[in-house]
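S.K.: I have a structure here, written as structure tokens, and I will follow up with some questions on it.
The values are calculated or read from the model by the stated rules, or taken from the named source; none is laboratory data. This structure is a prediction, so every number in the text was calculated from the model and none was measured. Backbone-built Cβ (ideal geometry, glycine too); neighbour counts: all protein chains shown.
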């Protein structure tokens, strides 16, 4: 009984071809073997690039493929020197970009982390009100100085605080400001302003998780004192 010849990728329907799928839906929509097939570009007689990609992924787990050598890949049927270098270059580029991205990401999980992010205002002679905007995993996605000068509940309006949150799709906010006097204890205006912003956040579904007051030598966290 004759075996049916394998289809070439160009013989597949357009929506099944890796390159066309990537162009239409983006790289994230592709399976690992489809991404690898794009790097391979071509197959060999009786085996298309998708099938060779599948063979590679069967032989190597994700971790092993990351550590695969040029010699190992070059000697696989359907790969060879050129494709082996392309695969290794793509893996190394992806690894470096991921590492650089991870190193730049900042997560704020404590008042101390927040203090580090606003340390530049602690010696200012005027009060600076800063908002830190976080995603649902506590990653800092945006930071903005909302107001400079003596603070009170009427000067810091919820609109100015929450507009950047909506624009940047923030899930949480940490408020921060400095006390040039050196006393980190909140004033009546600080308490009133914080309460107002917490209530506004509840309406918008954006949680105010802390308000940190900093001085040259100390800080006060509303969350630590159970005031939020």
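S.K.: Would you point out the residue of region 34-46, among those that are in contact (Cβ under 8 Å) with a residue 24 or more places away in the chain and more than 14 Å from residue 90 (Cβ to Cβ), that is farthest from the chain's Cα centre (by Cα)? Steps first, please.
M.R.: We begin by selecting, within region 34-46, every residue in contact (Cβ under 8 Å) with a residue 24 or more places away in the chain; these are 36-37, 39-41, 43-44, 46.
In the following step, the residues that additionally are more than 14 Å from residue 90 (Cβ to Cβ) were identified as 43-44, 46.
Values: 43: 36, 44: 39, 46: 42 Å.
Filtering first and then ranking leaves 46.
S.K.: Out of region 195-228, which residues are free of Cβ contacts under 8 Å to residues at least 40 places away in the same chain and out of contact with any strand residue (DSSP E or B) (no Cβ under 7 Å at 6 or more places or on another chain)?
M.R.: Across region 195-228, the qualifying residues are 195, 199, 202, 203, 205, 217, 218, 225, 226.
S.K.: Looking for whichever is without any contact (Cβ under 8 Å) to a residue 24 or more places away in the chain and farther than 30 Å from residue 12 by Cβ here; the options are 31, 104. Which one fits? Let's see the steps before the verdict.
M.R.: Values: 31 fails: farther than 30 Å from residue 12 by Cβ.
When all the criteria are applied, what remains is 104.
S.K.: Moving on. Of the residues 68, 37, 27, which single one is closer than 30 Å to residue 172 by Cβ and surrounded by 11 or more Cβ atoms within 10 Å (Cβ to Cβ)?
M.R.: When all the criteria are applied, what remains is 27.
S.K.: If I go through region 83-115 residue by residue, how many of them are over 20 Å from the mean Cα position of the chain (by Cα) and exposed (fewer than 11 other Cβ atoms within 10 Å of the Cβ)?
M.R.: 0
S.K.: Checking the structure you have, find out if any residue of region 162-178 is surrounded by 13 or more Cβ atoms within 10 Å (Cβ to Cβ), modelled with pLDDT of 95 or more and assigned to a loop (DSSP other than H, G, I, E, B).
M.R.: Within region 162-178 (the criterion being surrounded by 13 or more Cβ atoms within 10 Å (Cβ to Cβ), modelled with pLDDT of 95 or more and assigned to a loop (DSSP other than H, G, I, E, B)), the answer is yes, since at least one residue qualifies.
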